Amino acid sequence: MNNLVEVSNLTKKYEGKIVLDNISLTIPEGRIIGLLGANGAGKTTLIKILAGVMQDYSGKVLIDNHNPGPYTKSILSYLPDKTYLSTWMNVKDTVDLFADFYTDFDKNKAIELLKLLNIEINQNVTKLSKGTYEKVQLIIVMSRRSKLYVLDEPLGGVDPASRDIIIDTILTNYSEKSSVLLSTQLIQDVERAFDSVIILKDNHIFVNDEVDNIRAKFGKSIDELCREVFKCC
């Protein structure tokens, strides 16, 4: 099994404060990996480094054997934790924009997923509820045929009834040659989708293992373990 991501001795500081301290990890092909930890644990920082939007770090980061840059951005589909759709757009505009910008974007898939979630494509994005807005962002990101999907809190504002649909969307829209790295605090809702998890604590990797191995070692679900370790997951 080939590794899509290789991180070695990665350290990141903000104004002298260590956020990620000498961490190393790999992400193989064909996996859904949970990136977990309390607020401030460094999850978003790691995601931004992988996505190529943050370069000021020490250590080695390779994605498909390349340093973060134009090539890795072309094979990585990134959902940030902040909103990014332009306010003048309607939903169809966002689909058209991504279709024009990314050669790997599947416009038909995006339209199909929007219909599945009963999202009106002619509605302006400013008129969408928070949950619907986040659904649109996730659909756009998952409609690319990427090697790596990096999702930062994709379920935060989504109602519980829609979470299973969205999780199933993630499960069915990546290939055996691609992988998903998903950061979330809603562990109980999404735990079933994970093949393995990376748990960050105190600027280090606390756990990085297969889900079944973690459950056997600690005698707990991933959600129960995080609640015990972080008291806020």
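Total residues in the range 155-200 satisfying the condition of being of a type outside the set (D, E, K, R), part of a helix (DSSP H, G or I) and either open to solvent by less than 40 Å² (accessible area, probe 1.4 Å) or at pLDDT 90 or above (or both): the figure is 8.
Out of G34, G30, G40, I need the residue that is within 30 Å of L225 (Cβ to Cβ) and open to solvent by 40 Å² or more (accessible area, probe 1.4 Å). Which one? One residue alone meets the criteria, G40. Note down all Cβ pairs under 7 Å where the first residue falls in the range 151-171 and is closer than 16 Å to V197 by Cβ, the second is open to solvent by 60 Å² or more (accessible area, probe 1.4 Å), and they're at least six residues apart or on different chains. Filtered contacts from the range 151-171: D152/D81; E153/D81. Looking only at residues of the range 92-137 that are closer than 17 Å to P160 by Cα and small (G, A, S), we find that the one that is most open to solvent (accessible area, probe 1.4 Å) is S129. Scanning the range 201-212 for residues that are in contact (Cβ under 8 Å) with a residue 12 or more places away in the chain and assigned to a helix (DSSP H, G or I) turns up just one, V211. Exactly one residue among L138, L225 is free of Cβ contacts under 8 Å to residues at least 60 places away in the same chain, of a type in the set (A, V, I, L, M, F, W, C), more than 27 Å from Y84 (Cα to Cα) and part of a helix (DSSP H, G or I), and that residue is L225. In the range 67-88, which residue that is outside any loop (DSSP other than H, G, I, E, B) and open to solvent by 90 Å² or more (accessible area, probe 1.4 Å) is nearest to R145 (Cα to Cα)? Only one residue tops the list, namely K73. The one condition from (1) at pLDDT below 95; (2) on the phi > 0 side of the Ramachandran plot that D64 does not meet is (1).
For the range 171-189, a residue qualifies if it is hydroxyl-bearing (S, T, Y) and out of contact with any strand residue (DSSP E or B) (no Cβ under 6 Å at 6 or more places or on another chain), and the qualifying residues are T172, S175, S178, T184. Applying the criterion of at least 3 residues that are under 17 Å from the mean Cα position of the chain (by Cα), of a type in the set (A, V, I, L, M, F, W, C) and closer than 21 Å to L76 by Cα to the strands (runs of 3 or more DSSP E) found wholly in the range 1-54 leaves 3-14, 32-37. Select from the range 201-233 the residues that are among the polar types (S, T, N, Q) and touching a strand residue (DSSP E or B) at 6+ places or on another chain (Cβ under 6 Å) and write down the one among them that is modelled with the highest pLDDT. Residue satisfying both the conditions and the ranking: N208.
The values are calculated or read from the model by the stated rules, or taken from the named source; none is laboratory data. These numbers were taken from a predicted model, which means no experiment stands behind them. So basically every Cβ, Gly included, is an ideal-geometry build from the backbone, and we count neighbours across all protein chains shown. Just the protein is used for accessible areas: all its heavy atoms, side chains included, with ligands, DNA and RNA removed. Shrake-Rupley method; radii C 1.70, N 1.55, O 1.52, S 1.80 Å.
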